[in-house]
């Protein structure tokens, strides 16, 4: 999780009832169709969910009320969320050089199974911030820190330590594969992929959270980004990991993230190709993070910046044949900013994953000035959900489009969706939150037929040809 890095530099983003791709001989998976995700019937799948990343040892949340249990998985499913981006920490996978900790992978698998058993998609994320705990972050194990002995003059915390000579050099040496670091990173990914290769409802593997360009960061702080870094430094690391994963898992999606300033509006020069690759990107308002102001009406520049990020993601996906998913946004109680980003994602027909499910004493998230990143006032008590924030996230949406999506628009009182239906692909599914279903909701439909019961939480529509659906609360 990271916010407002660009200004600092200049001063110095389960379908519970939906079957998906897979058969009796293989896991249930999603695949890429254009920039969309699709299930076995060819229905375009929209994902709404939350991040769940435990950044400190033992690198998985404890099975306690303050951590993550079956009750948490039930809570997530009941709110209509169908994806969780789950942290997997390199330091946990390979705590000693070349040695895989299979007991750790068992704990990761047990956490994931709570979700996959409920048909919630799990995106496994090699999360890092500030490279390692040595720089007050998390991610890489101590043995993988090669900073050439450069100093960290003052511990500036997060995100300030990104600008330390030592931190940047550690990234440089990793990208250069000094002492085989990138090879070992790929080996760790292969171990994770082997553990999950036959597991259903795994969305895939997010290869690296928010890659920092090291000493080349200044070259990335421009609209065109830093294509030399992308193709000569970052892409080879991704190619190694992709190749290692594909040797043990040929079916699950692999997700790549651009260098971190992409999330502030610079472009990516990555051109990694493959049949099942997704672009994982984030969207935070740079100026709002810098000024600790609202990301909504108080900072109107957030809208254009966000539009630039979504536009760059769409262009890169179209050029390279990638699916897209906004895997981070939010990280605060700023309701204006949350609404801005979810509305933008709807317009872009892009799924989203909110940061973060719980606070979890996160050492590298700047959320406290905005009132907290999590969904609960008390992590130990699921009854303390922040109602106003949850109301923005627990929203009606089309979870599976049987046909070609056209548009979707949400207001406080109605969801309007258009698409070109294809009856051979099955039924279009719309999630309706419990608050709407309990008091009854209205349906207006042209070009199709509603086949579900009145006020069902999963609204089912059969359509063949142009269709327009309006779901309105009472």
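The values are calculated or read from the model by the stated rules, or taken from the named source; none is laboratory data. As the structure is a prediction and not an experimental result, all values here were calculated from the model. All Cβ positions, even for glycine, are placed from backbone atoms using ideal geometry, and neighbour counts span all protein chains on display.
Test residue 137 against the stated conditions and say whether it is assigned by TED's automatic domain parsing to the domain that holds residue 29, modelled with pLDDT under 95 and under 21 Å from residue 213 (Cα atoms).
no
Residues checked against (1) surrounded by fewer than 17 Cβ atoms within 10 Å (Cβ to Cβ); (2) more than 16 Å from the chain's Cα centre (by Cα):
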residue: 313; (1), (2): no, no
residue: 326; (1), (2): no, no
residue: 329; (1), (2): no, no
residue: 340; (1), (2): no, yes
residue: 345; (1), (2): no, no
residue: 348; (1), (2): no, no
residue: 357; (1), (2): no, no
residue: 374; (1), (2): no, no
residue: 378; (1), (2): yes, yes
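Checking residue 158 against (1) at pLDDT 95 or above; (2) not in a loop (DSSP other than H, G, I, E, B), which single condition isn't satisfied?
(1)
Among the residues of the stretch 343-354, is any over 30 Å from residue 274 (Cβ atoms) and out of contact with any strand residue (DSSP E or B) (no Cβ under 6 Å at 6 or more places or on another chain)?
yes
Examine the stretch 213-228 for a residue that is in a loop (DSSP other than H, G, I, E, B), assigned by TED's automatic domain parsing to the domain that holds residue 93 and under 21 Å from the mean Cα position of the chain (by Cα), and state whether such a residue exists.
Yes, because at least one residue in the stretch 213-228 is in a loop (DSSP other than H, G, I, E, B), assigned by TED's automatic domain parsing to the domain that holds residue 93 and under 21 Å from the mean Cα position of the chain (by Cα).
Output the residues belonging to the stretch 254-270 that are at pLDDT 95 or above and not in a strand (DSSP E or B).
257, 258, 259, 260, 261, 262, 266, 267, 268, 269, 270 - these are the residues of the stretch 254-270 that are at pLDDT 95 or above and not in a strand (DSSP E or B).
Is the stretch 459-470 home to any residue that is surrounded by 13 or more Cβ atoms within 10 Å (Cβ to Cβ), under 17 Å from residue 80 (Cα atoms), out of contact with any strand residue (DSSP E or B) (no Cβ under 8 Å at 6 or more places or on another chain) and not assigned by TED's automatic domain parsing to the domain that holds residue 45?
no
Residue 150 is checked against (1) over 17 Å from residue 211 (Cβ atoms); (2) assigned to a helix (DSSP H, G or I); (3) touching a helix residue (DSSP H, G or I) at 6+ places or on another chain (Cβ under 8 Å) and fails just one. What number does that condition carry?
(2)
If I filter the stretch 242-253 for residues that are at negative phi, assigned to a helix (DSSP H, G or I), surrounded by fewer than 24 Cβ atoms within 10 Å (Cβ to Cβ) and within 19 Å of the chain's Cα centre (by Cα), do I get at least one hit?
Checked the stretch 242-253: at least one residue is at negative phi, assigned to a helix (DSSP H, G or I), surrounded by fewer than 24 Cβ atoms within 10 Å (Cβ to Cβ) and within 19 Å of the chain's Cα centre (by Cα).
Failed condition for residue 409, given (1) on the phi > 0 side of the Ramachandran plot; (2) at pLDDT 95 or above, with all others met?
(1)
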